[in-house]
Amino acid sequence: MHEQRRFELAHALAVAKSRQDVPAALRLFHPDMVLETPAFGTTARGLAENEKALRRFFASFPDYDVVLHGHASNGDTLVCWGTARLTMTGNRFGAAPNGERAEIPVFIQFTFKDDLIAGERFFFDLATLCAQSGVSTDAVRQRLFPTLAGVDAT
């Protein structure tokens, strides 16, 4: 698959996610799709788990919008970078957000199979999102990574 086609798929996914259009996003995914969000400590495998992960994400961030500013490819992997704008809502993260819309830099690593997206690793700084959303990064990390709570990493 050519780099231009890979970027077209990534861009189409950004558009679908910015519209919170889960069916459109799922049409771009390979059946073995793996979505990783390291900041949240989550991995979704297969179409059913990806649908659930996207719906949960959009419930927490109902106005999610991402703009891709650039991309690079090594032939097998495409990396895009851009800006996400989103408002944290609800209590999923164990803290009451301030309702302000955050603007955070993101970069996304994609892999492909059979002319579809087979892997997405979505990277952003959790502390930046928390600071702009008015929530404690420590409280959110304790909710997301309960096995690490109370462990002194020093």
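Quick notes
- Residue among A72, A102, A59 with the largest mean-square fluctuation in a Gaussian network model of the chain, springs linking Cα atoms under 10 Å: A72
- Around E103: net Lys/Arg minus Asp/Glu count, Cβ-Cβ under 14 Å: -2
- Total formal charge among the other residues, if their Cβ is under 15 angstrom from that of P146, Lys/Arg +1 and Asp/Glu -1: +2
- Length gained when the stretch D114-D21 is fully extended (0.36 nm per residue, less Cα-Cα span): 31.3 nm
- When every Cα-Cα distance of segment 1-97 is counted in 10 angstrom steps from zero, the calculated P(r) takes the values 14, 45, 34, 6, 1 percent.
- Average accessible area per residue (Å²) across segment 1-80 - probe 1.4 Å, nucleic acids and ligands excluded: 50
- Applying a DSSP loop filter and a limit of 14 other Cβ atoms within 10 Å to the GluC sites (Glu not before Pro) in segment 56-154 leaves E100.
- Relative packing of 73-81, 11-19, which averages over residues the other C-beta atoms within 10 Å, highest first: 11-19, 73-81
- Cα centroids of segment 1-37 and segment 109-142: 16 Å apart.
- Segment 1-146 - percent of accessible surface contributed by carbon and sulfur, probe 1.4 Å: 51
- Accessible surface, 1.4 Å probe, highest first, among residues F145, F29: F145, F29
The values are calculated or read from the model by the stated rules, or taken from the named source; none is laboratory data. Bear in mind that the values here come from a model prediction, so they are computed numbers and not experimental data. Methodologically, a virtual Cβ is constructed for each residue, glycine included, from the backbone with ideal geometry; neighbour enumeration extends over all protein chains shown. Areas reflect the complete protein model, heavy atoms only, side chains present, ligands, DNA and RNA absent. Shrake-Rupley method; radii C 1.70, N 1.55, O 1.52, S 1.80 Å.
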